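Participant: I'd like to ask you about the structure that follows.
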Amino acid sequence: MKSINKTLLVFALVILGAVGCSDSFLEKAPISEGSVEGFFETQEDVLRALNGIYDVFQGSIWGGSFYWMHQNFDILTDNGVGCCPWEQEYTTIAKGEHSATSGGIINSKWDFGYEGIFRANSVLANVGNVGLDSESESKIVAEAMFLRGLIYQEMVNLYGDVPLVLNVLTRDEGLVVGRTPKSEVLSSIYDDLDFAEANLDITPFNGDIGRPTKQAAIAVKTRLKLYNKDYQGAIAEARKLMDLSAANPSVIGLLDDYESVFSADNENNREVLFDIQYTEGTQGEGNFMQVALAPGPEGAPGRGWGSITPSDQLANAFQMTDGMSIDESPLFDPENPYANRDPRMFGNLFVPGVSEWRGELYDASLSGFSPFYAIRKWVDLDATIGEGGCSCNETNLILFRYADILLYFAEATNEVSGPNQDVYDAINQVRNRAGLPDLVSGLSKSQMLDAIKQERHVEFPWEGTRYFDLLRWGDAEVRNTITLFGESIDTRVFIDPKHMLFPIPQKEMDLNPNLTQNPGY
């Protein structure tokens, strides 16, 4: 990580390396507490072990990670089309052809998730044995609990009921652990995140950028409560963050410019609540997104693969600067369709004939797999790929940001109270930052929800949230036909309720008789 010492040590290479993700979680031989105690002797040992948890979030182009190809969740939606099934089998899932044996992201989330949980549990089991002062110990415990809660919230969103493991298991225990009801897992996640919130500050521990903060813990709770229709809970959590922002505007809040939120030259800005840190020039410590997303042609120096093609459905969602859709606005000119558009369009897309790429006007000759739109977000115009597809880009992957919180607050409040002034104020902050006018007054509850859906669609492309938005809104099934410049090029298959969850990986089922499968698989 850019600001956290991630020197690999004997603990990470030997002990934690014994649980590599090429093996099943249940095939791993988890260490007993006693086998780790010899390592935990000083605060430095504890911090290095804590830093080892972050390794599961990164990963190289070949090795994978818990958040590997996170942007590809959008190709399960109407936002884009993926080039290749070998990119974690997202295209297989988009077609509804996935199963418990598909592998790819279905296995990776499970494997890397439990590796991270194992590492967090190892720290929690032993941090009290090294004589730390109470304040340092509480912050380390809070950070480990945050990371465990972060992983579990992603896993319950994907799999539903999952094994809840809160201590270091022996091998035999790992082979018989069963799935825990989602309600119990959620309760444990909230316990972890409540402790993190209470014991972390609004600045990271030891000043190390990339470590979680109080606002990060609140942000994860806000999303999770909204996803699980605890609207009052989501309002309460979001309100805490909004109050923190009001009291600390230089630390928490919207940036004035949308594109600068994602710039490699402006990382760790006040809008970022939690992200995955990367550093350039080092395989395994850099980001793979530059390789995957940047325009091609494939193999050209400093360019990418363009392996995701944005769709008409996304491009057409960007409104005109008067806040009206392209179908309604008098500003829309079919002969000049990209004039007077929401500027977020150009922060998310390379647009043919309009955007520039490396000093050239972007067009089909500069594309990768696709001669259409390409992805602009996460692409550093100054970065190079590196030989052999090196994962050497420094752009951080933002998981939670303040705009999320404002729109979550607006949505939850609308569900509870309808479109009151608080709802308008929250959504208008996000719209105004993009240069769009306030929403018109007098919207009904359903009209406001449609406005929030629209805002989330154009605010968060390639951030891995639209898939989960469509699931919780009940809209995934109707986003089936994908077009590019009017040509139908891909069809989605979504079967409700089967595809509301991923299957439990079959390799886990084969090893553990106490695991059950999700319905339909």
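Participant: Karplus couplings for region 350-361 from phi (6.51 cos²θ - 1.76 cosθ + 1.60, θ = phi - 60°), rounded to Hz, Gly and Pro as x?
Facilitator: Once θ is set to phi - 60°, the couplings for region 350-361 become 7, 9, x, x, 10, 6, 10, 10, 6, x, 10, 5 Hz.
Participant: Also, quick follow-up: Rounded if a/c is under 1.5, else prolate if a/b beats b/c, else oblate: with a ≥ b ≥ c from the C-alpha gyration tensor eigenvalues square-rooted, which is region 140-190?
Facilitator: Taking the square roots of the gyration eigenvalues as a ≥ b ≥ c, region 140-190 is oblate.
Participant: Something else: Just report the Cα centroid separation between region 238-261 and region 486-516, whole Å.
Facilitator: Using only Cα atoms to place each centre, the spacing works out to 37 Å.
Participant: Let me have the relative contact order for region 10-282, percent, based on Cα pairs under 8 Å that are six or more residues apart.
Facilitator: This gives 16 percent for region 10-282.
Participant: Under a point spin-label approximation (7 Å from Cα along Cα-to-Cβ), what is the VAL176-ASP256 distance to one decimal in nm?
Facilitator: In this crude label model, VAL176 to ASP256 measures out at 6.4 nm.
Participant: Using a 10 Å cut-off on Cβ atoms, rank the peptides 78-87, 441-450, 95-104 from the highest mean neighbour count down.
Facilitator: My ranking of the peptides, most packed first, is 78-87, 95-104, 441-450.
Participant: Using 0.36 nm per residue of separation minus the Cα-Cα distance, give me the extension gain between SER183 and ASP496 in nm, one decimal.
Facilitator: Length difference between fully extended and current span is 110.6 nm.
Participant: Working out 0.36 nm times the residue gap between ASN420 and TRP473, then minus their Cα-Cα distance, what length gain in nm do you get to one decimal?
Facilitator: That pair, ASN420 and TRP473, stretches by 17.0 nm at full extension.
Participant: With 29 Å as the limit, write out which pairs from LYS182/LYS214; LYS240/LYS453; LYS453/LYS507; LYS95/LYS507; LYS109/LYS229; LYS225/LYS453 have Cα-Cα distances beyond it, or answer none.
Facilitator: From LYS182/LYS214; LYS240/LYS453; LYS453/LYS507; LYS95/LYS507; LYS109/LYS229; LYS225/LYS453, over 29 Å: LYS453/LYS507.
Participant: So, one more: Express the relative contact order of the chain as a whole percentage, based on alpha carbon pairs under 8 Å and six or more residues apart in sequence.
Facilitator: With pairs under 8 Å counted, the relative contact order is 20 percent.
Participant: Sticking with this one: What distance in nm separates the two pseudo spin-label positions at ASP265 and ALA198, each 7 Å out from Cα along the beta-carbon direction?
Facilitator: Inter-label distance under the simple model: 4.5 nm.
Participant: Scan around ARG401 for amide H atoms under 5 Å from its own, H built in the peptide plane at 1.01 Å from N, and keep only partners 5 or more places away or cross-chain.
Facilitator: LEU273
Participant: What is the set of long-range amide H partners of LEU484 at a cut-off below 5 Å, with H atoms built 1.01 Å from backbone N?
Facilitator: HN-HN under 5 Å from LEU484: ASP312, ILE489.
Participant: 5 Å is the cut-off here: which amide hydrogens, built 1.01 Å from N in the peptide plane, fall below it relative to LEU349, excluding neighbours closer than 5 in sequence?
Facilitator: Residues meeting the criterion, in which the H sits 1.01 Å from N, are ARG376, LYS377.
Participant: Measure off 7 Å from each Cα along the Cα-to-Cβ vector at CYS84 and GLU356, then give the distance between these two points in nanometres to one decimal.
Facilitator: In this crude label model, CYS84 to GLU356 measures out at 3.1 nm.
Participant: Now for a different question. Quickly rank 354-364, 134-144 as a protection proxy: mean count of other C-beta atoms within 10 Å, highest first.
Facilitator: For the peptides 354-364, 134-144, the packing ranking is 134-144, 354-364.
Participant: Would you calculate a helix-derived [θ] at 222 nm for the chain, using -39,500 (n - 2.57) for each DSSP H run of n ≥ 4 and dividing by the full residue count, to the nearest 500?
Facilitator: That calculation yields -11500 deg cm²/dmol at 222 nm.
Participant: Using the count of nearby Cβ atoms within 10 Å as a rough guide to exposure, how do PHE350, PHE205 rank from fewest to most?
Facilitator: PHE205, PHE350
Participant: Using only the Cα atoms of region 10-282, build the gyration tensor, take square roots of its eigenvalues as a ≥ b ≥ c, and label the shape rounded, prolate or oblate: rounded if a/c is under 1.5, else prolate if a/b is larger than b/c, else oblate.
Facilitator: Here region 10-282 falls in the rounded category.
Participant: Taking θ as phi - 60°, what are the ³J(HN,Hα) couplings along region 261-272 by the Karplus curve (6.51, -1.76, 1.60), each to the nearest whole Hz, with x for Gly and Pro?
Facilitator: Karplus values, whole Hz, x for Gly and Pro: 4, 9, 6, 5, 8, 9, 6, 6, 6, 5, 6, 7.
Participant: Return the FRET efficiency for the residue pair LYS445, SER136: r is the Cβ-Cβ distance, R0 is 41 Å, and the value is rounded to the nearest 0.05.
Facilitator: 0.25
Computed from the coordinates by the stated procedures, all read-outs in this text should not be read as laboratory data. Because the structure is predicted, anything quoted here is derived from the model rather than measured. We place every Cβ from the backbone using ideal geometry, glycine too, and count neighbours over all the protein chains shown.
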